[in-house]
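Working notes for the structure below.
The values are calculated or read from the model by the stated rules, or taken from the named source; none is laboratory data. Worth saying up front: this structure is predicted, and the values here are computed from it rather than measured. As a convention, Cβ positions derive from the backbone with ideal geometry for all residues, glycine included, and neighbour counts pool all protein chains shown.
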Amino acid sequence: MAEITETARAKINLALHVTGRRDDGYHLLDSLVTFASHGDLLTFEPADEDDFTLTGPYGALLSADTDNLVLKARNRLRQAVEASGQSAPAVSIELTKNLPIASGIGGGSADAAATLRGLMRLWQVMLPDPVLQEIALSLGADVPMCLASRPLIAKGIGEHLQSVALPSLFLVLANPLVAVSTPEVFRRLEKRDNPPMDLDATATLPWTERIARLRNDLEPPARALTPAIAETLQALEQTGATLTRMSGSGATCFGLYVDRNAAAEAAKILSERKPGWYVQATQALAGGSA
Ligand code: C5P
C-alpha cells in the first residue's frame, strides 16, 4: 500500500472558559475551538519494523522516544486493534514538526490524533467509536477534539464535543517561542468557577463580535507566567487585527482579520518586526452544526 499522509492541524481555542474542577484535579472547560489549515505533517508507510523519524523546523526540540505522543498513540491503537482480532503491522512514521512545541495550539495532541486517523487508514481497520474516543482521551484531554478537527464546542475536560456552524476565519498565529507548561498555567489559575460561554445571548451578532464577548480564562495566569504573551498580543493588535486572544494555555496568540489579504499582510509585517518568532497566516475552515 502507498504512503498515507495526514495533517495535524493547529487547534485554536477562540474562547476558553474554565467552569470548574474535577476531583482528580482536571479542569472543566467550555471552549469554542476551530482548526487551522496549517499544522504538522505525518506520513505512514508499511515497513519491516516500526520506525519513527522527526523532521521539520521544530523536530529537533522533541525526543523520538516512547514518551512521544505519536508512539503512544501508535502503541495504544495497535493494542486495541489486535485485541479486536484485526492486524496492525509494522509501520514507518515520519513527523514533520511545523508547529512550535508546548504552544497552546494542540501540537502533540494534534499529532496523536493524526496518528490514530492515519494508522486506521493504513491498517484499514475499524474500531467502535467509544473505543477510539477512549484511546484519544487517554492520550490527552485535547486529543478527542483534534481527532474531529472541525469547528466545535468542547465541554467536560474536552471529551464532550458538539459541532458548531462557524464561518471560515482568517487568522495569524504568533508565538514568541517561549514554551509554556500547561499544568503550571492551570496551577496559577485563581478563579476556577467562571461562567460558561453564553452563545445564545449573542446569536444575532456576527461571529467576530460573539467571540469578542467571550474570554480565555487561562490568559491572566499565562501572562503572569510568561510576560512575552502580552507583547505578542500587542504586536498582533498593531497589525490591524479585529480581535486578538491567546489560544489554550499559550503562548501562541491569534489575530482575526477581515480577509485573507489582510491576514497575509499582517503576517508579513509581524515576521519583519519579530524575526525570531513563529508567525503564520492561516485559515480556519468553516464548519456546520451536526
Ligand atoms: O491532557 P493533557 O495531558 O494535555 O493535560 C496536561 C495537564 O494540563 C494535565 O495534567 C492537567 O494538569 C492540566 N489540565 C487540566 N484540565 C484540563 C486539561 C489539562 O487541569 N481540562
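List of remarks:
- Extreme residue, surrounded by the most Cβ atoms within 10 Å (Cβ to Cβ), among residues of region 231-245 that are part of a loop (DSSP other than H, G, I, E, B) and among the hydroxyl-bearing types (Ser, Thr, Tyr): THR239
- Count of region 131-145 residues, restricted to those that are part of a helix (DSSP H, G or I) and within 10 Å of the ligand (Cβ to nearest atom), is 4.
- Close contacts from region 125-152, counting a first residue that is within 18 Å of THR7 (Cβ to Cβ) and among the acidic types (Asp, Glu) and a second that is within 14 Å of the ligand (Cβ to nearest atom) and in a helix (DSSP H, G or I), with Cβ to Cβ under 7 Å and a gap of 6+ residues or different chains, come to ASP142/SER109.
- The residue of region 10-33 that is nearest to PHE170 (Cα to Cα), among those that are within 10 Å of the ligand (Cβ to nearest atom) and hydrophobic (A, V, I, L, M, F, W, C), is LEU16.
- Number of positions in region 154-165 that are within 16 Å of the ligand (Cβ to nearest atom), farther than 19 Å from ALA8 by Cα and assigned to a strand (DSSP E or B): 3
Residue-by-condition table, conditions (1) within 16 Å of the ligand (Cβ to nearest atom); (2) at pLDDT 95 or above; (3) over 20 Å from ALA15 (Cβ atoms):
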| residue | (1), (2), (3) |
| --- | --- |
| ARG213 | no, yes, no |
| ASP217 | yes, yes, no |
| ALA235 | no, yes, yes |
| SER249 | yes, yes, no |
| GLY255 | no, yes, no |
| ARG260 | no, yes, yes |
| SER271 | no, yes, yes |
| GLN280 | no, yes, yes |
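- Hits in region 165-192 - residues which are among the hydroxyl-bearing types (Ser, Thr, Tyr) and over 19 Å from GLY287 (Cβ atoms): SER181, THR182
- Within region 97-130, restricting attention to residues that are within 16 Å of the ligand (Cβ to nearest atom) and β-branched (Val, Ile, Thr), the residue that is surrounded by the fewest Cβ atoms within 10 Å (Cβ to Cβ) is ILE101.
Okay, residues lined up against (1) buried (at least 22 other Cβ atoms within 10 Å of the Cβ); (2) more than 22 Å from the chain's Cα centre (by Cα):
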residue: THR202; (1), (2): no, yes
residue: THR208; (1), (2): no, no
residue: SER247; (1), (2): yes, no
residue: ARG260; (1), (2): no, no
residue: PRO275; (1), (2): no, yes
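- Residue match in region 246-254 (condition: more than 23 Å from LEU189 (Cβ to Cβ) and of a type in the set (Phe, Trp, Tyr)): no
- Residue among GLU184, GLU134 that alone is outside the structural domain of ALA36 (by TED's automatic domain parsing) and farther than 30 Å from GLY240 by Cα: GLU184
- Within region 173-200, being assigned to a helix (DSSP H, G or I), within 16 Å of the ligand (Cβ to nearest atom) and surrounded by fewer than 16 Cβ atoms within 10 Å (Cβ to Cβ) holds for PRO183, GLU184, ARG187.
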